[in-house]
Amino acid sequence: MATVVALHVAPGSRLPMKAVSTVSVEAGAGIVGDRYHGAKHRQVSVQSLAALAEAAELFGAEIAPGLTRRNVTISAGTVPREPGALIRLGPVLLEVVRVAAPCKLLDDTIGPGAQDALRHRGGSICRVLEGGEVSIGDPVSLDRPDPVPSELVGG
């Protein structure tokens, strides 16, 4: 089973991410003390170590989880990218809103080519459905939404 292996917050845009062992997550608001707390949809970002390992291979050097500017890093599995997919981090329930696209800032902070290496490997942006405390070591559950029955798909 996957677990939470890293937690990061930044109090403002472009400020360095700070590693923490526990975060307080509020339903409908996000991580207390993070720059996106109170945002409508972009409340928590989640990435996986597996995707970081793939990106590091393309980039040619290790990429530390905190440098990607994501809040939560999980130990294993593929972070769902489909809107509506659910991610449970301990007691907290997240809903995927969209893919987390890496920004140009990563080339400046990690090195040239980091943005391209992280493309399609940057995790997902989520909104918080159920809040609570998340700590390093908490279990992670990744659930994808049910597929739309073929008789309901237009065509």
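Limited to the range 40-79, what total is found for residues that are of a type in the set (Ser, Thr, Tyr) and under 17 Å from residue 3 (Cβ atoms)?
Residues in the range 40-79 being of a type in the set (Ser, Thr, Tyr) and under 17 Å from residue 3 (Cβ atoms): 4 in total.
Within the range 18-32, does at least one residue satisfy the condition of being under 19 Å from residue 122 (Cβ atoms) and charged (D, E, K, R)?
So far as the range 18-32 goes, no, none of its residues is under 19 Å from residue 122 (Cβ atoms) and charged (D, E, K, R).
Being part of a loop (DSSP other than H, G, I, E, B) and either under 16 Å from residue 27 (Cα atoms) or modelled with pLDDT under 95 (or both) is the filter here; which residues of the range 68-78 pass it?
Once the filter is applied, which keeps residues that are part of a loop (DSSP other than H, G, I, E, B) and either under 16 Å from residue 27 (Cα atoms) or modelled with pLDDT under 95 (or both), the range 68-78 yields 69, 70, 71, 76, 77, 78.
So for the range 97-113 (the condition being surrounded by 15 or more Cβ atoms within 10 Å (Cβ to Cβ), within 16 Å of residue 49 (Cα to Cα) and in contact with a Pro (Cβ under 8 Å, 6 or more places away or on another chain)), does at least one residue qualify?
No, that holds for no residue.
For the range 46-61, state whether one or more residues are hydrophobic (A, V, I, L, M, F, W, C) and in a strand (DSSP E or B).
Checked against the condition, which is being hydrophobic (A, V, I, L, M, F, W, C) and in a strand (DSSP E or B), the range 46-61 yields at least one hit.
Quick one: how many residues across the range 97-121 are hydrophobic (A, V, I, L, M, F, W, C) and free of Cβ contacts under 8 Å to residues at least 12 places away in the same chain?
Within the range 97-121, residues that are hydrophobic (A, V, I, L, M, F, W, C) and free of Cβ contacts under 8 Å to residues at least 12 places away in the same chain number 0.
Looking only at the range 117-144, filter to residues that are surrounded by fewer than 18 Cβ atoms within 10 Å (Cβ to Cβ) and in contact with a Pro (Cβ under 8 Å, 6 or more places away or on another chain); which one of those is modelled with the lowest pLDDT?
By that ranking, first place goes to 144.
Suppose we filter 13, 24, 75, 48 for residues that are among the small types (Gly, Ala, Ser), under 19 Å from residue 138 (Cα atoms) and in contact with a Lys or Arg (Cβ under 9 Å, 6 or more places away or on another chain); which single one remains?
Answer to the check: 48.
Looking at residue 85 and the list (1) buried (at least 20 other Cβ atoms within 10 Å of the Cβ); (2) farther than 20 Å from residue 136 by Cβ; (3) modelled with pLDDT of 95 or more, which single condition is not satisfied?
Going through (1) buried (at least 20 other Cβ atoms within 10 Å of the Cβ); (2) farther than 20 Å from residue 136 by Cβ; (3) modelled with pLDDT of 95 or more one by one, residue 85 breaks only (1).
The values are calculated or read from the model by the stated rules, or taken from the named source; none is laboratory data. As the structure is a computational prediction, the values presented were derived from the model and not from experiment. So basically every Cβ, Gly included, is an ideal-geometry build from the backbone, and we count neighbours across all protein chains shown.
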